[in-house]
Every structure is written in C-alpha cells, then in structure tokens.
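Beneath this line is the structure, given in structure tokens, with notes to follow.
Read the figures in this text as sums done on the coordinates, not as results from a lab. For clarity, every value in this text was computed on a predicted model and none was experimentally measured. Here the Cβ positions follow ideal geometry from the backbone for every residue, glycine too, while neighbour counts run over all protein chains shown.
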Amino acid sequence: MKLKKIDEKLALALEENGITEPNEIQKDCFGTLKSGADAVVIMADSGGKSTTIVYTVIQKLEKAEGESTRAVVIVKDKEEVLEMVELFKKFGHYHNLRVFGVHDKGDIDYDKNQISLGMDILVGTPNKINAMFSSAGFNMNTVKLFIVDDADELFRARMDAIVLRLSTSIEKTQRVFFAHALTERVEAMADKIMIEPVLFGLEEYDEEAEDENLYI
C-alpha cells in the first residue's frame, strides 16, 4: 500500500490482501495517526474504516512487547470483534503482535487468563472491556492507543459513559474515534477526552449526505 513511510512488511501484507492504493481519507489521516495525535475520522464502512484502524495499530506498535495491553480497540458487537481480530491476523502476518478479542457472550475468566499471558492488542465491546479492567485490576496506563470504532452508533446507544470511564483511567494515550457521521455526541466526547483532535473525512461525508439528502 502506497502510504508515506508505512512499514514495509505491513505494506506487503496489505498488498497481498488486495489493498494497494489508499483512498483520500486514508492518505490524509495516515501521518497524523502515525504521529500520535488525537483524531476523529469520518469514514463509511465501504471506505476502508476497519482496514485503517488495523494498519494504524500495527504501524504504531510494530512488534510484541511486554505483558500488558498497549492498544485497545472498542467495537460495537461480537461480529465486529471477530472481524477485526481476523483483519489483525491477516495484515499483521509479518509481525508478531499478540491480539485477542472479547465480547459480551464470552467467558470473562477465560478472557482474563488469556490477557494475563501477555497481549499487545485488545479488541472488544464496551461492556466487556469495562468489566474486565474493572474487576481484574489491569494496568490501563500501558495503553498507548485507544480507538473507538463506530463511535456515532456506540454513543447513540449510551455507551459514551463507559468510553469516558475507560479513557479517564489512562494517564496518557492517543485517542481516536472512527465514525460514519460527526454527531453531537461524537463532538462532545472528543471535546471531553481528546487534546486538540484533528478531524478527517468531513468534506467527503458532507458531499455524500448532500447527494443522498441525509442529515446528521
């Protein structure tokens, strides 16, 4: 994939999975996400949202390190957990990053045991991740990248309080929201937990909304 200064092995893995050319939003946000700045990325599912999340995390973490979780990716349901974990395995083929997925229907004791063995990336639903870190006493301060996917849908479902609780338990991290639309809840949460977030994809969304007569 042709992105400036992308990890060569990551680029190769993406190309092997048919992803060779980034779209405009991916090109615009790559440098900022790589730099560690907070951001809100507005992107359709068909626009490579999950792919962008996965290669951003792999690019940032590079390799397995330590025992504690370094990236948390919050998604809306079990199906999204499984799909995201599978993408990490595909695109992280040439890296040794350890990834694990948790969801509301899983066994919490089993999940905690797996994470305690050493984990780089944790993908999960808001309720499950909150329950795990609340009950197990995991150190959230090792989390260097805190990503919320489908933020507009999760916040509309009143999951913003959980995201806020998790975010405030981390002293210093990069916070990124991915959403289909820049809703008032997304803006409000970004203002609460992010430091001067950079916004991407709004122009593309506005054009799509105008074409389809949609409103935020």
Please list 56-66, 174-184, 10-20 highest first by mean number of surrounding beta-carbon atoms within 10 Å per residue.
174-184, 56-66, 10-20
For labels at ASP109 and LEU202 in the simple 7 Å Cα→Cβ model, what's the distance in nm?
4.9
Rounded to the nearest 20 debye, dipole of the chain from Cβ charges on Lys, Arg, Asp, Glu:
1200
How high is the FRET efficiency between LEU164 and ASP45 when r is their beta carbon distance and R₀ equals 22 Å, given to the nearest 0.05?
0.35
Sort VAL163, VAL123 so that the residue with the fewest other Cβ atoms within 10 Å of its own Cβ comes first and the one with the most comes last.
VAL163, VAL123
Need the C-alpha centroid separation for the stretch 76-131 versus the stretch 1-36, integer Å.
23
Footprinting exposure proxy for LEU154, LEU145 (fewest neighbouring C-beta atoms within 10 Å first):
LEU145, LEU154
Amide H contacts under 5 Å for LYS144, restricted to residues at least 5 apart in sequence or on another chain and with H modeled in the peptide plane, are ALA71
Net charge (Lys, Arg +1; Asp, Glu -1) of residues whose beta-carbon lies under 12 Å from that of ARG156, ARG156 excluded, is -2
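Full-extension gain between ASN127 and GLU62, please, as 0.36 nm times their residue separation minus the C-alpha to C-alpha distance.
Details: separation 65, 0.36 × 65 = 23.40 nm, distance 2.79 nm.
Here the segment from ASN127 to GLU62 would lengthen by 20.6 nm.
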Karplus 3J(HN,Hα) series, Hz, for the stretch 68-82 with 6.51 cos²θ - 1.76 cosθ + 1.60 (x for Gly, Pro)
9, 4, 10, 9, 10, 10, 9, 10, 7, 7, 4, 4, 5, 4, 4
What's the extension gain from GLU15 to ILE195 if we count 0.36 nm per residue and subtract their Cα-Cα distance?
61.4 nm
Got a sec to turn the phi values of the stretch 156-168 into Karplus ³J(HN,Hα) couplings, 6.51 cos²θ - 1.76 cosθ + 1.60 with θ = phi - 60°, whole Hz, x for Gly and Pro?
5, 8, 6, 8, 5, 5, 5, 4, 4, 4, 5, 4, 6
Pop a pseudo-label 7 angstrom from the Cα along the beta-carbon direction at both GLU171 and ASN139 and give the gap in nm to one decimal.
1.0
Inter-probe distance in nm under a simple model that places probes 7 Å from Cα toward Cβ, at LEU82 and GLU184
3.7
